[in-house]
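Asker: The structure that follows is given in the form of structure tokens.
The values are calculated or read from the model by the stated rules, or taken from the named source; none is laboratory data. The structure presented is a predicted model; accordingly, all values stated were derived computationally and were not measured. Because the Cβ atoms are built from the backbone with ideal geometry, glycine has one as well, and the counts that use them run over all protein chains shown. In case anyone asks, the SASA skips ligands and DNA or RNA and just uses the protein heavy atoms, side chains included. Shrake-Rupley method; radii C 1.70, N 1.55, O 1.52, S 1.80 Å.
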Amino acid sequence: MAKKTITVKQIGSPLRRPADQRATLVGLGLNKMHKTRVLEDTPSVRGMINKVSHMVKIVEEK
């Protein structure tokens, strides 16, 4: 059974943001503008995306 994945792209800058939001981006593997990551679709990853939803965009869900 294939695991579900989600592709996220950073669209916002972490400058002048709270430290916990910057740490969440690093936890997602995003630290530069327009960087894209393919992540496993789990509740914890969804929660992290929800926390920084104003700085990331979901590109694709599989």
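Asker: For Kirkwood radius over Cα pairs in Å, the choices are [x] 16.7; [y] 11.6; [z] 13.0; which was calculated from the structure?
Answerer: [y]
Asker: Quick one: what are the phi-derived ³J(HN,Hα) couplings along segment 38-50, Karplus 6.51/-1.76/1.60 with θ = phi - 60°, whole Hz, x for glycine and proline?
Answerer: 3J(HN,Hα) across segment 38-50, in whole Hz: 9, 10, 6, 7, 10, x, 5, 5, 4, x, 5, 5, 5.
Asker: So how do 41, 20 rank on accessible area, 1.4 Å probe, biggest first, that is with the largest at the start?
Answerer: Reading off the accessible areas and sorting them downward yields 20, 41.
Asker: Return the long-range amide H neighbours of residue 59 (sequence gap of 5 or more, or a different chain), with a cut-off of under 5 Å between placed amide H atoms.
Answerer: Correct list: 7, 8, 9.
Asker: Roughly how many nanometres apart are two label points built 7 Å out from the Cα toward the Cβ at residue 5 and residue 51?
Answerer: Taking the two extended label points, one gets 2.4 nm.
Asker: Right, another one. Count the net charge of all other residues whose Cβ sits under 13 Å from the Cβ of residue 5, scoring Lys and Arg as +1 and Asp and Glu as -1.
Answerer: Computed value for this residue: +1.
Asker: Give me the 1.4 Å probe accessible area per residue for the chain, excluding ligands and nucleic acids, in Å².
Answerer: Per-residue accessible area for the chain comes out at 69 Å².
Asker: In whole Hz, with x marking every Gly and Pro, tabulate ³J(HN,Hα) for segment 11-18 from phi via Karplus 6.51 cos²θ - 1.76 cosθ + 1.60, θ = phi - 60°.
Answerer: 10, x, 7, x, 5, 6, 10, x
Asker: So what is the calculated 222 nm ellipticity per residue for the chain, using -39500 (n - 2.57) for each DSSP H run with n of 4 or more, over all residues, to the nearest 500 deg cm²/dmol?
Answerer: Working: 2 runs with 19 residues, N = 62.
Calculated from helices alone, the mean residue ellipticity at 222 nm is -9000 deg cm²/dmol.
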